Amino acid sequence: VDEEDIAFSQYPRPAETPQENSDLPDLNDIRIMGYSLRSWDYRYTLWLGFNPKTFQVNVSDVHAGELYMLATDPGQDKNLFSDSEHSVMMRKLPSLP
Amino acid sequence: RGRRNVLFIMADDLRTSLGCYGDSVVKSPNIDQLASKSQVFLNTYAQQAVCAPSRTSMLTSRRPDTTRLYDFNSYWRTHSGNYTTLPQHFKSNGYFTMSVGKVFHPGIASNHSDDYPYSWSIPAYHPASFRFEKQKMCKGEDGKLHANLLCAVNVTEQPGGTLPDLESTDEAVRLLKSRANNDVPFFLAVGFHKPHIPFRIPQEYLSLYPIDQMTLAPDPNVPTLLPPVAYNPWTDVRRRDDVQKLNISFPYGPIPKDFQLRIRQHYYAAVSYMDAQVGRLLSTLDELGLAESTMVVFTSDHGWSLGEHGEWAKYSNFDVSTRVPLIFYIPGVTTRHHRLGESTFPFIDALTQSELIFKNDKVIRNMVELVDVFPTVSYMAGLRAPKPCPDISFQEELCTEGDNLAYTFRHRERG
């Protein structure tokens, strides 16, 4: 059986709310990076703090999240992400083998 | 096994609005015909839904966090690392490599040279008529010329009586003819400018999409639980003269419904126009007897939102912006050798011929990415595929952050 692959995409933003340069921020104006994992049955996205000088992402600086279950929501209109579940998962991550 | 020629075709801002991807509205007979003799990757995703970062990422097989190109303002060789490109890999293996139209993103992102001479054996060709693309070329209701989003034109009235993709196809046809009897294998990349905005297209293609048959996106409203940071306010669309006149509120609009229908009509018409240029290219390949020795790859740099989630354009992580077509035609692998005299890619004119239905020969449903294209094209053409990159690969010139998908051509997908 083929292993299920994941496609990774990302998109930069200058701020949490839409503004004139939200679509295409210059590198120096990027403050947030949205990283997406897309499998055959869900898309999970975290919008994380980003430092354009060091190109470092701050995984504890979560500005927003998205989770779409594609079997029941192929158009990705019902965001199921919840901060609480995410923070539970983040607490567990370090203890994972 | 001998080395195959490669014809690498890229569309600009093309989502999977193609018949071979199940879109029932669009008329794309030439690409559908190609798909019927190819392997079609149904779930292919760009690494960033905007031109330069996506193209640089695909053509170097490095993710944006390695190219460090998230805008249009840097050239990877000076900004992050001297990464080898797909055409460069072919050139260094004895291929004659050529670029027509928009392959690398022009300007700073490709060193104002489309990365010539590293990637190409001859300077890249750009259609002269492209310089009018952002100018006032569109006749408004007032009879004056404007820089509109919706810009269906009488081609004979355009400067030079032509349009960029028509010129690019003419040049690509000329180059194919120049290589047909040359023993040196070629890698020809052809980058069409459509369906990127403005929709400056031959007006006859609108007749394929009567406005009364157009519908809105199935989910035209901004989702209530969408985080504001995830929303793209389609600023480039707003800048066009005809959209500015609508005085649409920022950032969520909406665009008046009748204008939404016209945008969707023009996008689909632009796809059919681009499809016809692909058809001209493939029929020439066929007529020159090159269809049995040339691998054809068709893809796009990212998608485009047609009103879904209240969004237009790309600039987001939604599937409509990141999902792209990816089609591999490989003679003798995706299709059996043709009987002598039988043509492989006869040109199909969507404007005059009744609709043809093609069936995909083989589809792959698993997730794949545009960073997989470089290793896969290399291997399937008969070259060595770049090895996987280490976790930190800024110092590595030739490696891939994607997968070599060659194995998918050999076994049926299960799971």
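Evaluate the charge dipole of the stretch B:152-259 about its Cα centre and quote only its size in Debye, nearest 20, assuming +1 on the Cβ of each Lys and Arg and -1 on the Cβ of each Asp and Glu. Each step should come with its number before you reach the end.
Details: 10 positive and 13 negative charges, 50 e Å.
For the stretch B:152-259, the charge dipole is close to 240 debye.
Rounded, prolate or oblate, given the Cα gyration tensor of the stretch B:78-128, with a/c below 1.5 counting as rounded? Let's see the in-between values first.
Values: a/c = 2.34, a/b = 1.05, b/c = 2.24.
Taking the square roots of the gyration eigenvalues as a ≥ b ≥ c, the stretch B:78-128 is oblate.
How high is the relative contact order of chain B, in percent, with contacts defined as C-alpha pairs under 8 Å that are six or more residues apart?
31 percent
About the Cα centre of the stretch B:334-375, how large is the charge dipole given +1 on each Lys and Arg Cβ and -1 on each Asp and Glu Cβ? Please answer in debye to the nearest 20.
Numbers: 5 positive and 6 negative charges, 51 e Å.
It works out to roughly 240 debye.
State whether the stretch B:254-311 is rounded, prolate or oblate according to the following rule on the C-alpha gyration tensor (a ≥ b ≥ c being the square roots of its eigenvalues): a/c under 1.5 gives rounded; otherwise a/b larger than b/c gives prolate, and the remaining case gives oblate. Show your work: numbers first, answer last.
Working: a/c = 7.95, a/b = 2.69, b/c = 2.96.
Oblate, since a/c reaches 1.5 and b/c is not below a/b.
Based on the Cβ-Cβ distance from B:Ala180 to A:Glu3, what FRET efficiency comes out when R0 is 51 Å, to the nearest 0.05?
Values: r = 42 Å, r/R0 = 0.83.
My answer for the efficiency is 0.75.
Give me the dipole magnitude in Debye, nearest 20, for the protein assembly as shown about the Cα centre, with unit charges on the beta carbon: positive for Lys and Arg, negative for Asp and Glu. Mind showing how you got there, number by number?
Numbers: 51 positive and 60 negative charges, 184 e Å.
Rounded to the nearest 20 debye, it is 880 debye.
Note the full-extension length gain between B:Thr156 and B:Phe132 as 0.36 nm times their separation in residues minus their Cα-Cα distance, in nm to one decimal.
Details: separation 24, 0.36 × 24 = 8.64 nm, distance 1.43 nm.
Gain on stretching B:Thr156 to B:Phe132: 7.2 nm.
Output the pairs from B:Lys194/B:Lys245; B:Lys139/B:Lys257; B:Lys37/B:Lys102; B:Lys194/B:Lys359; B:Lys177/B:Lys387; B:Lys144/B:Lys194 with a Cα-Cα distance over 28 Å in this structure; if there are none, say none. Intermediate values should be presented prior to the final figure.
On the way: B:Lys194/B:Lys245 24 Å; B:Lys139/B:Lys257 22 Å; B:Lys37/B:Lys102 26 Å; B:Lys194/B:Lys359 25 Å; B:Lys177/B:Lys387 34 Å; B:Lys144/B:Lys194 24 Å.
Checking Cα-Cα distances, B:Lys177/B:Lys387 exceed 28 Å.
Rounded, prolate or oblate: which fits the stretch B:180-264 when a ≥ b ≥ c are the square roots of the eigenvalues of the alpha-carbon gyration tensor, with rounded for a/c under 1.5 and prolate only if a/b beats b/c? Intermediate values should be presented prior to the final figure.
Values: a/c = 2.44, a/b = 1.75, b/c = 1.39.
Prolate, because a/c is 1.5 or more and a/b exceeds b/c.
Unpartnered cysteines of chain B (Cβ-Cβ under 4.7 Å counts as a partner)?
B:Cys20, B:Cys51
Answer with one residue from B:Pro227, B:Leu282, B:Pro254: the one whose Cα lies farthest towards the positive end of the charge dipole of the protein assembly as shown, charges on Cβ with Lys, Arg +1 and Asp, Glu -1.
Projecting each Cα onto the dipole axis, the largest value belongs to B:Leu282.
Quick check: pseudo-label points 7 Å beyond the Cα along Cα→Cβ at A:Ser60 and B:Arg3, how many nm apart are they?
5.2 nm
Apply the Kirkwood formula to the protein assembly as shown: the hydrodynamic radius equals the inverse of the mean of 1/r over all pairs of different alpha-carbon atoms; give it in Å with one decimal.
Values: mean 1/r = 0.0429 Å⁻¹.
Computed over the protein assembly as shown, the radius equals 23.3 Å.
Considering the Cα trace of chain B, what is its radius of gyration and what is Dmax, both in angstroms?
Calculated on Cα positions, Rg and Dmax stand at 20.6, 62 Å.
If you average the alpha carbon positions of the stretch B:218-296 and of the stretch B:149-171, how far apart do those two centres end up, in angstrom?
About 18 Å separates the Cα centre of the stretch B:218-296 from the one of the stretch B:149-171.
Which one of B:Leu225, B:Leu288, B:Leu176 has the biggest mean-square fluctuation once chain B is modelled by GNM with Cα springs under 10 Å?
Evaluated over chain B, the most mobile residue of the options is B:Leu225.
How many nm separate the modelled label positions at B:Glu397 and B:Asp349, each set 7 Å beyond the Cα in the direction of the Cβ?
5.0 nm
Using a Gaussian network model of chain B whose springs link C-alpha atoms within less than 10 Å, name the residue from B:Arg365, B:Arg63, B:Arg264 with the highest mean-square fluctuation.
The residue with the greatest mean-square fluctuation here is B:Arg365.
Computed from the coordinates by the stated procedures, all read-outs in this text should not be read as laboratory data. Bear in mind that the values here come from a model prediction, so they are computed numbers and not experimental data. Note that each Cβ is placed from the backbone with ideal geometry, even for glycine, and that neighbours are counted across all protein chains shown.
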